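The values are calculated or read from the model by the stated rules, or taken from the named source; none is laboratory data. Computed from a prediction, not measured in an experiment: that's the story for all the values here. Cβ placement follows ideal geometry from the backbone for every residue including glycine, while neighbour counts extend to all protein chains displayed.
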Amino acid sequence: MASIEAPVLATPTTLSGRIVRALSRSPLHIVLIGVALLWTLPTIGLAITSFRPRSDILSTGWWHAFGDLGSLTGHNYSLVLHSAGMGQAFLNSLYITIPATLLPLVLGSLAAFAFAWIPFPFRDGVFLLIVALMIVPIQMALVPLLKLFNDWQLNKPHLGIDQLGFVGIWFAHTAFGLPLAIFLLRNFFITLPKDLVEAARIDGASNFEIFRRIVIPLSVPALASYGIFQFLWVWNDLLMALVLIGDPHRQPMTVKITTLLSTYGVEFHLLAAAAFLLMIVPLIVFFSLQRYFVQGLLAGSVKT
Amino acid sequence: MKRRKSLIASAVAIAVLTAGLTATAISAKPAKKHAGTIEVLSLWGGSEKDAFIKVTDAFTKKTGIKVNYTTARDFVPVIRTRLAAGNPPEVAIIPRPGVLADLARQGAVKNLATMGLSSGYIRARYSPAWVKLGTVDGKTYGVAAKANSKSVIWYRPDVFKSLKLKPATTWAQLLAVTKKLKAKGKTPWAQGAKDSWTLTDWFENVYARTAGPAKYQRLFAGKLSFSDASVSSALRTMLQILQNKYLAGGVQGALGTGFVDGIGQVFGKSPKANMYMEGGFVGGIALDQVNTALRPGKTIDSFPWPTIKPAYGHPLVGGGDLAAAFTDNADVRSFLKYISSSEAGTIWVSTGAIVSPNRQVKGGAYPNSLVRKEAKQVASAKVFLFDGSDLLPGSLGDDWGSTLQGILQSPGSMKSKLSSFQAKAKKAFSGG
Amino acid sequence: MSTDPLSASLPRAPAHAPRLSGGKGRETLQGLIFAGPALAVLGLFLVYPAVQTIRLAFYRGFGFKFEHYLGLQNFKDLLTSDPDFLDRSHFPPTGAVVNNLKWLVIYTLACLVFGLALAVLTVRVRYEPVVKSMIFVPMAISATAVGVIWLFVYSPDPSIGLINAVIHGIGGSPISFLGRPDTLNYAIIFAYVWASTGFAMVVLSAALKGIPTEIIEAARVDGAGEWAIFRRVMLPMLSLPISVVTVWLLINVIKVFDIIYVMAGPGGGINGGARVIAFNMYTEALVNGRWGYGASIATFMFIVLLPFMILSVTRFRSSRVIA
């Protein structure tokens, strides 16, 4: 694990280093702040657009709003939020995303442990195959999946529990998320200190104990970083939900938003507000897990 | 070492695959639908959806049959996927007769005559042109649910008045108006050509007026080549207006402008152009979305597409959606009967969202002058031609749009572009 | 193999880890217990659809039905008589494959270079987390919304499009980025680079911080300049994280579809000039209902990418050897 906290390049000790640093200091700030601002500009534009009346959006660019701050309104947001079924759709998004993030995390970390630490037969071959599965295009998989769902009733409520109607899409997202999970986590797990694992084995610890007591606590960053990716992916998914969830009462926000848009008109005011509403939850997840995220993606590639 | 590993990999691959296949072999019975509920799939959202829900609510009140309305903006991919998986909705309202024809030939949709909608019943409500759109190989598979006109040119009456211009009734007049606007330092036209279907609509209107309805029907049915001289001649006519000096932002600007943005260039708060060619629905979008300060008749108005060759007169190019059934049961039968009734049509048109192709729907049911004008145009058209690009099979309509964009961009390459498009069309029409 | 000065002190791979009592049979069982659930889900919900797709590639397959076996005909048509896929009738060739190659080179390189530059530069400032968050935020926006945002940015109308407003402001004439065949592709690629660079930056920055200070200090003491340190010390040590990022970007490139569909429209823009392989697959299978042909495109994607995947995995395996 990285234990070096100090900035690597903070104190050059050679003369040339100091000169370079002094010379580069202010251009560095200008470049960095400039790039960061430029990079954020489209998002800021979207944010301001989401507060503008629909007729303004089609007449002038978002920066014109600065000259007429009084024109800004929360109306677009209230249109999206108060449209019939949006609250339910928000809950549905959570019902879909949370299990579809946790499942591949659990199954993926168990499998990754096996691929990293249990030398069972055909291990590397299976691993290679799983990595190759990352290429499978969702569009082609939809038909076999939907057949499977119909045959096995995977998109109908069971046992009187409505949320069990999501079982199919949980597994579909899990299957599409697992290759990346196993790929990243396995590469993280094999870099864990071998001495620790072997010492535990000599003490008679079972594989499951090693997994639970050593591998998982040491891998929280990697798990968190994968979790954010899967969360973003599932949360923003439109295609799978559109095709695999038939019942309008179980559709997530992404699908619900498309039902607000008419055939010919492009309702940018609704799209902008909806895009921002959609971003809120993933950004909360991102910022609350950010520090893990930054360390976690060292995953198997750099050894510390 | 390497070879051994790849061997292992393939062995494992086979093992996992067999696991997957055996697992799926044990499949249960297909899902049963709830009795008393039908699913209706279409592409409408927003206010169009709200209007349709009003229609289905009245149906539920009357019959007790619930309607689950589902929206798919990308209608064709969703219906294809669900059909392939054996999970279609009970009813779909299909925006493209070309797609309906595909589905009918594949045996996916039901013959309406066997579902209690006799040809006499349909003929009493729809004109022959509409009946024909829902008919494939002599059998009727779809009833028209809504219609719209695409033979409309929108303009700014205020600008026209100040320059003493009049709405054109012939192509020569339209060119004259265009030139005069240009001479007065105004940009005559805007065009949302980034959405390529706006170009296919342009072409269809010109073609119907220069080559005539008969050739039009044959062209979009795959019976006449796109390399035919009539096509390039219509395109050259069209390019008399769609050229750099008459378009806001020039040709390239138009190609980078979307359909709604184009409306904004004519009817927005800071207008840059003065005429816009697109369907009757432009009025609603302009008034509701682009500029609420617009006044019909003062700052926004429309005139019918002018004639080009007097012999062909004013053929109407329009679009529409056809209701078709994937399942035959009592609920679906009563829904189809309802949706083709004047009762449903009257509720529907009163929302201002559509024009009904049902001739039993009275003109007074329409809520405002812009829709009434469109309804009158649809009802009084002597020749009704369905939007040609929507008659083309599969993605060919989109390909046609991209081809027209290419021709607009470099007119010199027209001949080669048309011949390579014809090669595609031939393949698509032969079912390749 | 090991030129890495740190290799001696790093943890070794568990490839030859001491076996648990009970031997091979027990390990197989344990392996199955741990990997089994994941393999079962993968087998049913991913391998099964993938196998169906590959099988279908050898059929005419209207309506996803295995009727009328064609052998390799679909692949033959794809490579020889489908100008949307690959048009070799003129030079340079055009079509979805060529566009995907453009994507491959420009998108992958741009994300890597921007990501690496930002990672190296942000390490030097105190407001690093702020800059990194600002660059990362677009990752949270769905591909469709990214497309819509950039439709606005690129608008040829100077009162709506940000870039053209600037061009107009400095006296230039507006450029219709999405209305010109020569800029269309690059405009879409850049929009996607905007959305993905944050990921590359975050991964590479994390990796940079993993480089022990002593190595860099030692190089400085030896009188190496900043550029030399970057090239001779940092870059070699970053080669593995760069390959993680590259694999991820590669998969993005081969799967890219939504953003092109939103920005260029269902026909793929002027003359279909923005189409890529996944776009053609979507159109053929889901719009035209030619599932068999679409499946052959998907299978083609799979076959082309497979060597890269194997390479990347063996690359990761070699990382264990170094370790």
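Listed here are the residues, each with its yes/no results for (1) out of contact with any strand residue (DSSP E or B) (no Cβ under 8 Å at 6 or more places or on another chain); (2) buried (at least 21 other Cβ atoms within 10 Å of the Cβ).
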| position | (1), (2) |
| --- | --- |
| B:Leu100 | no, yes |
| B:Ala104 | no, yes |
| B:Ala108 | yes, no |
| B:Met115 | no, no |
| B:Arg123 | yes, no |
| B:Pro128 | yes, no |
| B:Gly134 | no, yes |
| B:Asp137 | yes, no |
| field | Pick from segment C:122-143, criterion among the hydroxyl-bearing types (Ser, Thr, Tyr) and buried (at least 19 other Cβ atoms within 10 Å of the Cβ), ranking: modelled with the lowest pLDDT | value | C:Ser142
| said: Tally up the residues in segment C:108-121 that are surrounded by fewer than 22 Cβ atoms within 10 Å (Cβ to Cβ) and touching a residue at least 40 places away in the same chain (Cβ under 8 Å), please. | reply: 5
| task | Taking the options A:Asn207, A:Asn236, name whichever one is polar (S, T, N, Q) and in contact with a Ser or Thr (Cβ under 7 Å, 6 or more places away or on another chain). | result | A:Asn236
| task | Evaluate segment A:224-247: report whether one residue or more is more than 11 Å from every other protein chain (Cβ to nearest Cβ), hydroxyl-bearing (Ser, Thr, Tyr) and crowded, with 22+ Cβ neighbours inside 10 Å. | result | yes
| query | Within segment A:38-66, can you find the residues that are polar (S, T, N, Q) and assigned to a helix (DSSP H, G or I)? | reply | A:Thr40, A:Thr43, A:Thr49, A:Ser55
| field | Odd one out for A:Trp170 among (1) buried (at least 22 other Cβ atoms within 10 Å of the Cβ); (2) at the interface with another protein chain (Cβ under 8 Å from one of its Cβ atoms) | value | (2)
| request: Would you mind stating whether A:Leu103 is within 12 Å of chain C (Cβ to nearest Cβ), of a type in the set (A, V, I, L, M) and within 23 Å of C:Asp258 (Cβ to Cβ)? | output: no
| task | Could you identify the single residue in B:Tyr207, B:Tyr246 that is hydroxyl-bearing (Ser, Thr, Tyr), over 30 Å from B:Gly394 (Cβ atoms) and more than 14 Å from every other protein chain (Cβ to nearest Cβ)? | result | B:Tyr246
| query | Does segment A:153-164 include one or more residues that are within 14 Å of chain B (Cβ to nearest Cβ) and acidic (Asp, Glu)? | reply | no
| query | Out of curiosity, is A:Ala181 at the interface with chain C (Cβ under 9 Å from one of its Cβ atoms), closer than 20 Å to C:Val202 by Cα and either without any contact (Cβ under 8 Å) to a residue 24 or more places away in the chain or not basic (Lys, Arg) (or both)? | reply | yes
| task | Filter segment C:33-45 down to residues that are over 26 Å from the mean Cα position of the chain (by Cα) and within 7 Å of chain A (Cβ to nearest Cβ) and give me whichever is surrounded by the fewest Cβ atoms within 10 Å (Cβ to Cβ). | result | C:Pro37
| said: Regarding segment A:102-117, can at least one residue be identified that is crowded, with 19+ Cβ neighbours inside 10 Å and without any contact (Cβ under 8 Å) to a residue 60 or more places away in the chain? | reply: yes
| query | Across segment C:246-272, which residue is surrounded by the most Cβ atoms within 10 Å (Cβ to Cβ) among those that are more than 8 Å from chain B (Cβ to nearest Cβ) and outside any helix (DSSP H, G or I)? | reply | C:Val256
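So that you can scan it fast, the table gives a plain yes or no per residue for (1) part of a helix (DSSP H, G or I); (2) more than 14 Å from chain C (Cβ to nearest Cβ); (3) under 29 Å from C:Gly265 (Cβ atoms); (4) modelled with pLDDT under 80:
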{"residue": "B:Arg333", "(1), (2), (3), (4)": "yes, yes, no, no"}
{"residue": "B:Gly345", "(1), (2), (3), (4)": "yes, yes, no, no"}
{"residue": "B:Pro357", "(1), (2), (3), (4)": "no, yes, yes, no"}
{"residue": "B:Gln377", "(1), (2), (3), (4)": "yes, yes, yes, no"}
{"residue": "B:Gly394", "(1), (2), (3), (4)": "no, no, yes, no"}
{"residue": "B:Asp399", "(1), (2), (3), (4)": "yes, no, yes, no"}
| Does C:Leu78 satisfy being modelled with pLDDT of 85 or more, farther than 26 Å from C:Phe257 by Cα and of a type in the set (A, V, I, L, M, F, W, C)? | no
| Unique residue being more than 29 Å from C:Ser176 (Cβ to Cβ) and part of a helix (DSSP H, G or I) when the list is B:Lys427, B:Lys382, B:Lys415 | B:Lys427
| task | Any chance you could count how many residues in segment C:48-76 are away from chain A (no Cβ under 12 Å), among the aliphatic types (A, V, I, L, M) and within 30 Å of the chain's Cα centre (by Cα)? | result | 1
| message | Condition check: farther than 18 Å from B:Trp305 by Cβ, in contact with a helix residue (DSSP H, G or I) (Cβ under 8 Å, 6 or more places away or on another chain) and surrounded by fewer than 17 Cβ atoms within 10 Å (Cβ to Cβ). Does B:Ala221 satisfy that? | response | yes
| Is one or more of the residues making up segment B:225-238 more than 26 Å from B:Gln173 (Cα to Cα), of a type in the set (Ser, Thr, Tyr) and either facing chain C (nearest Cβ under 10 Å) or in contact with an Asp or Glu (Cβ under 8 Å, 6 or more places away or on another chain) (or both)? | no
| field | Test set (1) of a type in the set (Gly, Ala, Ser); (2) within 11 Å of chain C (Cβ to nearest Cβ); (3) in contact (Cβ under 8 Å) with a residue 24 or more places away in the chain - A:Ala205 fails condition number | value | (3)
| Which one of A:Leu185, A:Leu178, A:Leu146, A:Leu142 is within 20 Å of the chain's Cα centre (by Cα), at pLDDT below 85 and surrounded by 24 or more Cβ atoms within 10 Å (Cβ to Cβ)? | A:Leu185
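Listed here are the residues, each with its yes/no results for (1) within 14 Å of chain B (Cβ to nearest Cβ); (2) under 29 Å from the mean Cα position of the chain (by Cα).
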{"residue": "A:Ile33", "(1), (2)": "no, yes"}
{"residue": "A:Trp39", "(1), (2)": "no, yes"}
{"residue": "A:Gly45", "(1), (2)": "no, yes"}
{"residue": "A:Thr49", "(1), (2)": "yes, yes"}
{"residue": "A:Thr60", "(1), (2)": "yes, no"}
{"residue": "A:Trp63", "(1), (2)": "no, no"}
